[in-house]
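The values are calculated or read from the model by the stated rules, or taken from the named source; none is laboratory data. Here the structure is a predicted model, which is why all the values come from computation and not from measurement. Note that we place each Cβ from the backbone using ideal geometry, even for glycine, and neighbour counts take in every protein chain shown.
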Amino acid sequence: MSMVQKEVYKKISKTFKRLVAKMMTLVSLCRALLLCAAFTAWVAEAQSFLTAISQFPELSNFTTLMYDNPGLAGALLTSNATSLTQITVLVPDNSAFDKLEAQLGAPVGSLTVGQLEPILQYLILVGEWTTDNFLVQNGTTVPTLLNGPMYNNRSAGPALGSSGAPGDPHNGQVVFIQASNSNPTSSKRFTVRQLPQPTATVQGGLGQQINLTAIDGYWDGGVFQIVDQFLDLPLNCSETISIWNQTTFADGLSRTGIGPAVDITQNVTCLVPTNEAFVQASPGEFGYNITDLAELILFHTIDEPLYTNFLADGQEYTSFSNQTVRISIIDGSIFLNDAKLIVTNIM
């Protein structure tokens, strides 16, 4: 290469490097502008929610909790899931804080962000849910933003609006909402100081039921309603059955070794006979041998979530023991073969 060629090459190289440097600066600037825009949108949306709920004195504790944890509030209200859909926030009233603090033996504000996050995620419903939605016959199953293997061992199908994609917000743990017996009055007739009577019950983890008062409060990201308690977080099948004191079935899960498998298998429904039902069906003084007990446990285990609002008379399901379980609905009561459901939709 001649001296002239070398000089030309150096000039071209310097020019190219300057152009690259300018381009990188522009890329950084564009990225910063995008981050700034996203942050501005995050602040605006979170502020819209806080402004809306601050009009209700009954929600002052929750408002304070959100202001004290701005990062958590913003993450919950403007997550990837919420970018795909409107959401409904079930806002615990001040009495809910008193109940949870009595249970914890400490202020709610003393919980870490890691402890608060799943509790609050379970109070955020996917979609915009207003008074009319809560009054449907037979209740409704609603996905929340609560996810992860510790609290959610299920996936949603098309019936719950899921597309089947891994990031679909409909795949979160669910709650079951059913209208209260009382006739609700439209929330539009009530002022901030005069709330209507509870519209519905919300059933969540461990079968706990809380009261929902539908006020149809709107904010930029969706709707909010008022509840009188925080929801208990779900546990696995074995632990839940034990908490309900159904010791015979729980012992059967343990003795047969089926429990650990059921606890980690997705989309399972356990049809748990009461302790009394087990005694009545016992084959004799010494009870079931392990083989028969395992067969009985598997007969009462279905490989899909059976939420009662999706059940219809005449449906049939196949249990893990490859036996048929037939649904009958008689005078509003649900029967599985000849057994009547007495407690339902325990998450």
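Of everything listed in (1) loosely packed, with under 15 Cβ neighbours inside 10 Å; (2) without any contact (Cβ under 8 Å) to a residue 40 or more places away in the chain, the single unmet condition for I342 is (2). Reported count of residues in region 224-233, each being surrounded by 21 or more Cβ atoms within 10 Å (Cβ to Cβ) and either modelled with pLDDT under 95 or more than 23 Å from G114 (Cβ to Cβ) (or both), is 3. Tell me which helices (runs of 4 or more DSSP H) are completely within region 59-141 and hold 2 or more residues being within 20 Å of S48 (Cα to Cα), or say none if there are none. By residue number, 60-68, 70-77, 80-84, 113-121.
Among helices (runs of 4 or more DSSP H) entirely within region 234-295, having at least 1 residues that are surrounded by fewer than 16 Cβ atoms within 10 Å (Cβ to Cβ) and under 29 Å from the mean Cα position of the chain (by Cα) singles out 237-243, 247-256, 258-264. Can you confirm whether region 315-323 contains a residue that is acidic (D, E) and either modelled with pLDDT under 95 or crowded, with 16+ Cβ neighbours inside 10 Å (or both)? Within region 315-323, none of the residues are acidic (D, E) and either modelled with pLDDT under 95 or crowded, with 16+ Cβ neighbours inside 10 Å (or both).
Restricting the search to region 99-143, which residues are in contact with a helix residue (DSSP H, G or I) (Cβ under 9 Å, 6 or more places away or on another chain) and charged (D, E, K, R)? Within region 99-143, E101, E117 meet the criteria. Number of residues in region 53-70 that are surrounded by fewer than 20 Cβ atoms within 10 Å (Cβ to Cβ) and among the aromatic types (F, W, Y) equals 1. For first residues located in region 206-221 and surrounded by fewer than 21 Cβ atoms within 10 Å (Cβ to Cβ), partners that are assigned to a strand (DSSP E or B) and of a type in the set (S, T, Y) and lie 6+ apart or on another chain with Cβ distances below 7 Å form the pairs Q209/T201; N211/T201.
Of the residues examined, N322 is not one that is part of a loop (DSSP other than H, G, I, E, B), touching a residue at least 12 places away in the same chain (Cβ under 8 Å) and not aliphatic (A, V, I, L, M).
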